[in-house]
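Engineer: After the structure tokens below, expect a handful of questions from me.
Computed from the coordinates by the stated procedures, all read-outs in this text should not be read as laboratory data. Remember, predicted model here, so these are calculated numbers, not experimental data. FYI the Cβ positions are ideal-geometry reconstructions off the backbone, even for glycines, and counts take in every protein chain you see.
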Amino acid sequence: MPDNLSVNIGKLRLENPVMVCSGTFGYGEEFKDFLPLRKLGAIVTKTITLNPRQGNAPPRTCETPGGMLNSIGLENPGLSGFINEKLPILKTIGVPIIVSVAAESGVDEFIKIICELDKFSEVLAFELNISCPNVGHESSTKKRLIAQDALATFEMVKKIRMATKKTLITKLSPNVTDITEIAIAVSQAGSDAVSLINTLIGMSIDVKTKRPKVAAVTAGLSGPAIRPIALRMVWEVYQKIKLPIIGMGGIIDTSSALEFFLAGSTAIGVGTANFIDPAAAVKILQGIKEYLKENKIKHINNLTGGLKT
Ligand SMILES: Cc1cc2nc3c(=O)[nH]c(=O)nc-3n(C[C@H](O)[C@H](O)[C@H](O)COP(=O)(O)O)c2cc1C
């Protein structure tokens, strides 16, 4: 079996570059009957917080043209629930586990979660979901998120960096004017990689009831509808920082995955597509293998940033 698919993300070596996105694949076990989980490059867990969260009131999702809106509200079993109920099953799967972490209260909560999970050898990397409210930064307005503030992002990632030697991936929000400013801050703060993009804020209205289709009114848009924006952002970030990029946003098939490599991604994440076809990620992986063979491309890394302009 030729090793033309393995990629490095910080200290993490993945056998192949196809991951599943946080929040779209549960904690792995939910999908075990639908695909050979061992074929995945990595599993990124649903984001966990220190304390369990019930999430938002329903309805929490709705379909939109070429995508979906979700406002799950970070429902998760909390750190202890994750360690006791989810990790024992996850570690039997045999693929790298990347734990997505968020904090409700600030950087100390991030550090507490990461220091605790650092002890588990099966947890190979952390993905920082920094789309949390900016509670600590003086210049912030009430509704600003850490991920929307370059200085707050820098300070937070720098402190978290000191708490672990494991691979740190920082997930960027597209709900900003210039995503490269945030990417540069993340890079300077010592993150090993960036993943992008998280969902775009949107909304949808039921004209019969005049009510929002998602109870929280605004929600995160994902799926093919956001792909052109995600690709543009990956391309912009690729030109500004040297870190590996995990590209995501509307990948549903091999062709859309390849677009992300050409724009500058080292690895890719499959998200909303998992709800349409739970085996989408392994089908995309197979398609990438065939593309490399047909086009006599020696290694997937040779495709990264290969866009001709
Ligand atoms: C139902 C749902 C739940 C999500 N939950 C999370 C989450 O917990 N943490 C996170 O970082 N991203 C979360 N995301 C965002 C995805 O990980 C991904 O960044 C985004 O959906 C774009 O990729 P896609 O268009 O392929 O879905 C969620 C997305 C969806 C659709």
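Engineer: If you project the alpha carbons of segment 1-130 onto their three principal axes, what span does each projection cover, largest first, in Å?
Structural biologist: Sorted largest first, the three principal extents are 48, 41, 25 Å.
Engineer: Fully extended, how many nm does the chain gain between ARG38 and ASP253 (0.36 nm per residue separation, minus their Cα-Cα distance)? Provide the component values of the computation, followed by the final result.
Structural biologist: Working: separation 215, 0.36 × 215 = 77.40 nm, distance 1.94 nm.
The span from ARG38 to ASP253 would gain 75.5 nm if fully extended.
Engineer: Assigning unit charges at the beta carbon (Lys, Arg +1; Asp, Glu -1) and nothing else, what dipole magnitude in debye, to the nearest 20, does the chain show about its Cα centre?
Structural biologist: Using Cβ point charges on Lys, Arg, Asp and Glu, the chain gives about 220 debye.
Engineer: Tell me, what is the Rg over Rh of the chain, with Rh the Kirkwood radius over Cα pairs?
Structural biologist: Rounded to two decimals, Rg/Rh equals 0.94.
Engineer: When the chain is fully extended, how far beyond the present Cα-Cα distance does LYS119 get from GLN239, taking 0.36 nm per residue of separation?
Structural biologist: Values: separation 120, 0.36 × 120 = 43.20 nm, distance 3.56 nm.
Computed gain between LYS119 and GLN239 is 39.6 nm.
Engineer: Could you work out the helix-only [θ] at 222 nm for the chain, with each DSSP H run of four or more residues adding -39,500 (n - 2.57) and the total divided by the number of residues, to the nearest 500 deg cm²/dmol? Working shown, then result.
Structural biologist: Details: 9 runs with 88 residues, N = 309.
So the calculated ellipticity at 222 nm is -8500 deg cm²/dmol.
Engineer: Which links in LYS32/LYS158; LYS11/LYS112; LYS11/LYS86; LYS46/LYS166 stretch past 29 Å when you go from one Cα to the other?
Structural biologist: Numbers: LYS32/LYS158 36 Å; LYS11/LYS112 22 Å; LYS11/LYS86 24 Å; LYS46/LYS166 19 Å.
Check vs 29 Å cut-off fails for LYS32/LYS158.
Engineer: Then there's this: Could you pull the Rg and Dmax for segment 160-207, using just the Cα atoms, both in Å?
Structural biologist: Over segment 160-207's Cα set, Rg and Dmax evaluate to 14.4, 51 Å.
Engineer: What FRET efficiency do you get for ILE229 and ALA279 if R0 is 25 Å and r is their Cβ-Cβ distance, rounded to the nearest 0.05? Before the final figure, lay out the partial values.
Structural biologist: Values: r = 26 Å, r/R0 = 1.05.
E(calc), rounded to 0.05, equals 0.40.
Engineer: Could you state the per residue volume, in Å³, of the convex hull enclosing the Cα atoms of segment 221-306?
Structural biologist: 81 Å³
Engineer: I need the calculated FRET efficiency for the pair CYS62 and THR177, taking r as the beta carbon distance and R₀ as 22 Å, to the nearest 0.05.
Structural biologist: After rounding, the FRET efficiency stands at 0.20.
Engineer: Let me ask another. So, by mean Cβ neighbours within 10 angstrom, what's the order for 33-40, 156-163 with the highest one leading? It would help to have the intermediate numbers written out before the result.
Structural biologist: Working: 33-40: 15.0, 156-163: 18.8.
The peptides rank, most packed first, as 156-163, 33-40.
Engineer: What is the packing order of peptides 101-108, 84-91, 168-175, taking the mean over residues of other C-beta atoms within 10 Å and listing the highest first? Intermediate results must be reported in sequence, preceding the final value.
Structural biologist: Working: 101-108: 19.0, 84-91: 15.5, 168-175: 23.9.
Top to bottom by mean Cβ count within 10 Å: 168-175, 101-108, 84-91.
Engineer: Listed highest first by mean packing, meaning other Cβ atoms within 10 Å per residue, what order do 58-64, 92-98 come in?
Structural biologist: The peptides rank, most packed first, as 92-98, 58-64.
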